[in-house]
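Peer 1: Before I ask anything, here is the structure I am working with.
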Amino acid sequence: MDVGSRNAPFNAGPDTSGGFRFGIQGLLPDYRNVLVLPKQWVDAPIRGDGRVTLDGETSKDAVSVDQAITLELRVENGEAELRATAGGRTALVKRPLAASRLDGNIALLATARAEVGRPPEWRFQD
């Protein structure tokens, strides 16, 4: 999936992000219950500072968020890798992640905050 800001440049920090929410599960096996009362999920976004996070783990490297970013999640043999690529640079984070944690619904995830100036407007493209 490609993700990026529609209104770059913008003033965003680590509290702003765009990406995926996987494995959304609720107490009942029904999508309506999950929408109202989710109990479990895995987040995989890129933050406004260009770092990627996977289930709470953050990358050391960052990419520029003022251009289109390719965001990929791969899970193989219990190891997950979230990779963001933009402008020839890559930010990635790896961590153990059981495949069973990805069972459930999927959603696009976007938060937009700015301490000063306008917040980003995230766009998604497949």
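Peer 1: Subtracting the Cα-Cα distance from 0.36 nm times the residue separation, let me have the gained length for Ile106 to Leu27 in nm, one decimal. Working shown, then result.
Peer 2: Values: separation 79, 0.36 × 79 = 28.44 nm, distance 1.62 nm.
Gain on extension, Ile106 to Leu27, equals 26.8 nm.
Peer 1: Here is a follow-up. Place a point 7 Å from the Cα of Asp15 along the Cα-to-Cβ direction; which residues of the stretch 23-47 have their backbone N under 17 Å from it?
Peer 2: Within reach of a label on Asp15, which here means backbone N under 17 Å from a point 7 Å along Cα→Cβ, the stretch 23-47 contributes 47.
Peer 1: Follow-up question, since we're still on this one. Around Val63, with a cut-off of 9 angstrom between Cβ atoms, what is the net charge of the other residues, counting Lys and Arg +1 and Asp and Glu -1? Could the numbers behind the result be given before it?
Peer 2: Values: positive: Arg51, Arg89; negative: Asp61.
Local charge sum for Val63: +1.
Peer 1: Residue by residue, what Karplus-based ³J(HN,Hα) values in Hz, rounded to whole numbers, does the stretch 82-93 have, using 6.51, -1.76 and 1.60 with θ = phi - 60° and x for Gly and Pro?
Peer 2: In residue order, the calculated couplings are 10, 10, 10, 10, 7, x, x, 10, 9, 10, 9, 9 Hz.
Peer 1: While we're looking at this one, here's another question. Quote the charge dipole size of the stretch 2-109 about the Cα centre in Debye, to the nearest 20; the model charges only the Cβ of Lys and Arg (+1) and of Asp and Glu (-1). Write out the running numbers ahead of the final one.
Peer 2: Numbers: 13 positive and 14 negative charges, 18 e Å.
Computed charge dipole of the stretch 2-109: roughly 80 debye.
Peer 1: Another question, if that's okay. Quick check on the exposure proxy: order Ile69, Ile106, Ile24 from fewest to most C-beta atoms within 10 angstrom.
Peer 2: Values: Ile69 24, Ile106 13, Ile24 19.
Least crowded to most crowded, the residues run Ile106, Ile24, Ile69.
Every read-out reported here was derived from the displayed coordinates using simple, explicitly stated rules and does not represent laboratory data. Remember, predicted model here, so these are calculated numbers, not experimental data. We place every Cβ from the backbone using ideal geometry, glycine too, and count neighbours over all the protein chains shown.
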